[in-house]
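Below is one structure, written out as structure tokens; comments come after it.
The values are calculated or read from the model by the stated rules, or taken from the named source; none is laboratory data. A quick note: this is a predicted structure, and the numbers were derived from the prediction, not measured. As a convention, Cβ positions derive from the backbone with ideal geometry for all residues, glycine included, and neighbour counts pool all protein chains shown.
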Amino acid sequence: MSVLKSSPIYDLRDTGLTDSALDRFLTETWKTPSGLYGWLATVDHKIIGRRYIITAFFFFILAGLSAAAMRLQLAVPDNKLIGPDLYNQLFTMHGTTMMFLFAVPIMEAFAVYLVPLMIGTRNIAFPRLNAFSYWVYLLGGLMIWIAFALNSGADAGWFSYVPLAGPEYGIGKRSDFWAQMITFTEVAGLAVAVEIIATVFKQRAPGMTLDRIPIFVWSMLIMAFVVLFAMPAVMMASTMLILDRLVGTQFFNPAEGGDALLWQHLFWFFGHPEVYIIFIPATGFVSAILPTFVRRPMFGHLAIVMSLISIGILSFGLWVHHMFATGLPQMGESFFTASSMMIAIPSGLQIFCWIATIWAGRPIFKTPFLFVLGFIVTFVIGGLTGVMVASVPLDLQVHDTYFVVAHFHYVLVGGAVFPLLGAVHYWYPKVTGRMMSETMGRWTFGLVFIGFNATFFPMHLLGLRGMPRRIYTYPAASEWGTTNLLVSAASLLIIAGLVIFFFNIVLSLFRGESAGSNPWNAPTLEWAMQSPPPPYNFLRIPAVSHREPLWFDGSVLNVVCGLRVDTRELLTSTVADAVPELREPSVRNSIWPFLSALAVGAAFLASIFTPWAVVWGGVPIAIGLIGWFWPKGDPEDKE
């Protein structure tokens, strides 16, 4: 690796090249080949990010259809439309898909696409690992949904509690498919987390010191660290579960010295940070959208960053508040009650910073901004009920009732889906070069906001009136029928709003108004290039001197020259001050990540039926990895 000169004047390798000539060189160097090979072998973070987003929304639609079927069943008492077995599968597939195949992957997908653009680099760190992670994620999601189509869908809940999911009560291979899907998606999630951390720390544009990193990028960085420390717990739990089921270990069997509560501890040690893996990026969406539509920098930048760090740390001290009804020592429960209430402080601090930003700005009420306002309202409601269930006496009364279902959806749907829909409307012009319809966007917001509150707020009342969760029907004498009919009818508004949303996405792709490079007059670096971005992202790497470079660094950004144009090369910088450090080769397209993912997928799938697949499946995996890392004479092998 060649070290850049410490002088402010770098090695200008592209001196004398016009912008058009430079564009031709870089496009040829960074392009993805056409045809099937290029489709399978690409390592362009933008293409992989788009695939992640589209695939995650595909699973979101499947999960939504599952929820619609459940609401149809619960609309009236003593309904026999769906039997208990199918309902259990629908209930499990809905929660599993929303949490593991949609909510976490969609947040990481936005990071894969946007973080390199926002920090001023040409590709994500470890591009082939990025491609591998997508194929693993896709295979894991397809595996569990194909199993569901074959009547082998998981049926023990998205939390898969033992002994219900264990060998004593688990039916056939249903829980095995669930356990392997968990391992699949967490491998993908961990890979993306490593990529994000390395990209943010080592590939920032010169001048982008730690205090100039956009809040959105901070949110994705903190999310990546939470993923890195939380996901191994659930991967270990799912591996222990499938070993109990297939090999005969006794990790969760009390009769043989195991412990059923061990599953809950391992699962919720991941499960509660997972809520913040979803929520922290959502707050990053809000902090990216707000300044653009109120025309002023974010109030309390440092306070918000410190709040995000605090939330990430505190999220690991809350898992027992899911287990208050399991008979744990009261002294221990009191500490987790305190932690559960304490995390409301940094969350509330962010809300006050957002309100102060709006108050001191000049709001422009476009669709992305409307979703931000909707998020603030719904998340405050969800946060307040979160403080309520953090109290042990109240939690014991509402545990396993629809009050918890209502709280859970207010936090996750209100706290994540509203910012996500706003983010799609906000960054759609950057990804496609087209504007989404403002009229349809407002209809989407109105229907989803009204439908969401009319659907989930009455569930608090159902829970307080004693309706348990996870039931497929209820008697007419319970007097829950009227409220359930209202809830099911209101859910049709959400469906209508989402139908308009997806119709808007597709129609705008062909008929949307041309966006230009920066239609919102936004302040961050992703808007400094054409829309959609070229294969190489930046013609020349920008150099920044402010948190909002497009607002304060002038109409023409300073740039750094000196990177080669005939081979893929990135600029790496120091962690704290983003001082240029090295010219780092970036790998070319490769089919081996895809083949390696197929080998891993085949081994994991076969291991559901025989443990010997772990042994023999290692052979094709080894071949895939050898092909992946074998020196091929490319520049990245020589430096």
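Suppose we filter the stretch 259-312 for residues that are among the aliphatic types (A, V, I, L, M) and surrounded by 17 or more Cβ atoms within 10 Å (Cβ to Cβ); how many remain?
So the first thing to find is which residues in the stretch 259-312 are among the aliphatic types (A, V, I, L, M), and the list is 260-262, 266, 275, 277-278, 280, 282, 286, 288-290, 294, 298, 302-306, 308-309, 311.
Then keep just the ones that are surrounded by 17 or more Cβ atoms within 10 Å (Cβ to Cβ); that gives 266, 275, 277-278, 280, 282, 286, 288-290, 294, 298, 304-305, 308, 311.
So the answer is 16.
Can you tell me which residue among Gly414, Gly422, Gly441 is closer than 23 Å to Gly386 by Cα and either in a loop (DSSP other than H, G, I, E, B) or of a type in the set (Gly, Ala, Ser) (or both)?
Working: Gly422 fails: closer than 23 Å to Gly386 by Cα; Gly441 fails: closer than 23 Å to Gly386 by Cα.
Result: Gly414 is the single residue among Gly414, Gly422, Gly441 that is closer than 23 Å to Gly386 by Cα and either in a loop (DSSP other than H, G, I, E, B) or of a type in the set (Gly, Ala, Ser) (or both).
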Name, by its number, the condition in (1) part of a helix (DSSP H, G or I); (2) surrounded by fewer than 15 Cβ atoms within 10 Å (Cβ to Cβ); (3) in contact with a helix residue (DSSP H, G or I) (Cβ under 9 Å, 6 or more places away or on another chain) that does not hold for Pro346.
(2)
Checking the structure you have, find out if any residue of the stretch 601-619 is in contact with a Pro (Cβ under 9 Å, 6 or more places away or on another chain) and hydrophobic (A, V, I, L, M, F, W, C).
yes
If you take the residues in the stretch 240-294 that are charged (D, E, K, R) and in a helix (DSSP H, G or I), which one is modelled with the lowest pLDDT?
Glu256
Out of the residues in the stretch 224-258 meeting the condition of being polar (S, T, N, Q) and farther than 30 Å from Phe279 by Cβ, tell me which one is surrounded by the most Cβ atoms within 10 Å (Cβ to Cβ).
Asn253
Just need a number here: residues in the stretch 49-76 that are in contact (Cβ under 8 Å) with a residue 60 or more places away in the chain, over 16 Å from Ile495 (Cα atoms) and among the small types (Gly, Ala, Ser).
1
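Matching residues to (1) farther than 30 Å from Pro523 by Cβ; (2) touching a residue at least 12 places away in the same chain (Cβ under 8 Å); (3) touching a strand residue (DSSP E or B) at 6+ places or on another chain (Cβ under 9 Å):
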site: His425; (1), (2), (3): no, yes, no
site: Lys430; (1), (2), (3): no, yes, no
site: Glu438; (1), (2), (3): no, yes, no
site: Ile450; (1), (2), (3): yes, yes, no
site: Gly463; (1), (2), (3): yes, yes, yes
site: Arg470; (1), (2), (3): yes, yes, no
site: Thr473; (1), (2), (3): yes, yes, no
site: Ala476; (1), (2), (3): yes, yes, no
site: Gly481; (1), (2), (3): yes, yes, no
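Would you check which residues across the stretch 374-401 are outside any helix (DSSP H, G or I), polar (S, T, N, Q) and touching a helix residue (DSSP H, G or I) at 6+ places or on another chain (Cβ under 6 Å) and list them?
Thr401
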Condition met for Phe371 (modelled with pLDDT of 95 or more, in contact with a helix residue (DSSP H, G or I) (Cβ under 6 Å, 6 or more places away or on another chain) and in a helix (DSSP H, G or I))
yes
Among residues of the stretch 474-484 being in a helix (DSSP H, G or I) and surrounded by fewer than 15 Cβ atoms within 10 Å (Cβ to Cβ), the residue nearest to the chain's Cα centre (by Cα) is Thr482
Among residues of the stretch 91-118 being in contact with a Ser or Thr (Cβ under 7 Å, 6 or more places away or on another chain) and farther than 18 Å from Phe57 by Cα, the residue surrounded by the most Cβ atoms within 10 Å (Cβ to Cβ) is Pro116
Condition check: among the hydrophobic types (A, V, I, L, M, F, W, C), farther than 30 Å from Phe503 by Cβ, at pLDDT 95 or above and crowded, with 19+ Cβ neighbours inside 10 Å. Does Met467 satisfy that?
yes
Restricting attention to the stretch 564-590, which residues are under 28 Å from the mean Cα position of the chain (by Cα), assigned to a loop (DSSP other than H, G, I, E, B), hydrophobic (A, V, I, L, M, F, W, C) and surrounded by 17 or more Cβ atoms within 10 Å (Cβ to Cβ)?
Ala578, Val587
Going by the conditions given, is Ala597 buried (at least 19 other Cβ atoms within 10 Å of the Cβ), among the small types (Gly, Ala, Ser), assigned to a loop (DSSP other than H, G, I, E, B) and touching a residue at least 12 places away in the same chain (Cβ under 8 Å)?
no
Those residues of the stretch 6-47 which are touching a Gly at 6+ places or on another chain (Cβ under 9 Å) and either at pLDDT below 50 or buried (at least 17 other Cβ atoms within 10 Å of the Cβ) (or both), in sequence order:
Tyr10, Asp11, Leu12, Asp14
Under 28 Å from the mean Cα position of the chain (by Cα) and over 20 Å from Leu40 (Cα atoms), is that true of Phe609?
no
Kindly establish whether Phe369 is surrounded by 20 or more Cβ atoms within 10 Å (Cβ to Cβ) and in contact (Cβ under 8 Å) with a residue 40 or more places away in the chain.
yes
What helices (runs of 4 or more DSSP H), lying completely within the stretch 101-212, carry at least 1 residues that are among the hydroxyl-bearing types (Ser, Thr, Tyr) and over 14 Å from the mean Cα position of the chain (by Cα)?
174-202
Which listed residue is in contact (Cβ under 8 Å) with a residue 12 or more places away in the chain, assigned to a helix (DSSP H, G or I) and over 24 Å from the mean Cα position of the chain (by Cα), from Ile304, Ile311, Ile355:
Ile355
Please determine, by comparing only the residues of the stretch 313-337 that are among the hydrophobic types (A, V, I, L, M, F, W, C) and under 23 Å from Met223 (Cβ atoms), which one is surrounded by the fewest Cβ atoms within 10 Å (Cβ to Cβ).
Ile313
Report the residue count in the stretch 540-561 for those that are part of a loop (DSSP other than H, G, I, E, B), more than 29 Å from the chain's Cα centre (by Cα) and not polar (S, T, N, Q).
6
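Determine if the stretch 507-523 includes at least one residue that is closer than 30 Å to Thr385 by Cβ, of a type outside the set (Asp, Glu), in contact with a helix residue (DSSP H, G or I) (Cβ under 7 Å, 6 or more places away or on another chain) and buried (at least 18 other Cβ atoms within 10 Å of the Cβ). Step through it out loud before you land on a result.
As a first pass, look at the stretch 507-523 and keep what is closer than 30 Å to Thr385 by Cβ: none.
Scanning the stretch 507-523, I find no residue that is closer than 30 Å to Thr385 by Cβ, of a type outside the set (Asp, Glu), in contact with a helix residue (DSSP H, G or I) (Cβ under 7 Å, 6 or more places away or on another chain) and buried (at least 18 other Cβ atoms within 10 Å of the Cβ), so the answer is no.
Taking the stated definitions as given, is Arg71 out of contact with any Phe, Trp or Tyr (no Cβ under 9 Å at 6 or more places or on another chain), assigned to a helix (DSSP H, G or I) and surrounded by fewer than 23 Cβ atoms within 10 Å (Cβ to Cβ)? Working first, answer last.
Values: out of contact with any Phe, Trp or Tyr (no Cβ under 9 Å at 6 or more places or on another chain): yes; assigned to a helix (DSSP H, G or I): yes; surrounded by fewer than 23 Cβ atoms within 10 Å (Cβ to Cβ): yes.
In short, yes.
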Could you tell me whether the stretch 608-618 includes any residue that is touching a helix residue (DSSP H, G or I) at 6+ places or on another chain (Cβ under 6 Å), touching a residue at least 12 places away in the same chain (Cβ under 8 Å) and either farther than 30 Å from Trp135 by Cβ or not in a loop (DSSP other than H, G, I, E, B) (or both)?
no
So the check is Cβ under 7 Å with 6+ separation or different chains; which pairs have a first residue in the stretch 379-398 that's surrounded by 14 or more Cβ atoms within 10 Å (Cβ to Cβ) and a second one that's in a helix (DSSP H, G or I) and of a type in the set (S, T, N, Q)?
Gly383/Ser347; Ala390/Thr337; Ala390/Ser340; Ser391/Thr337; Val392/Thr337
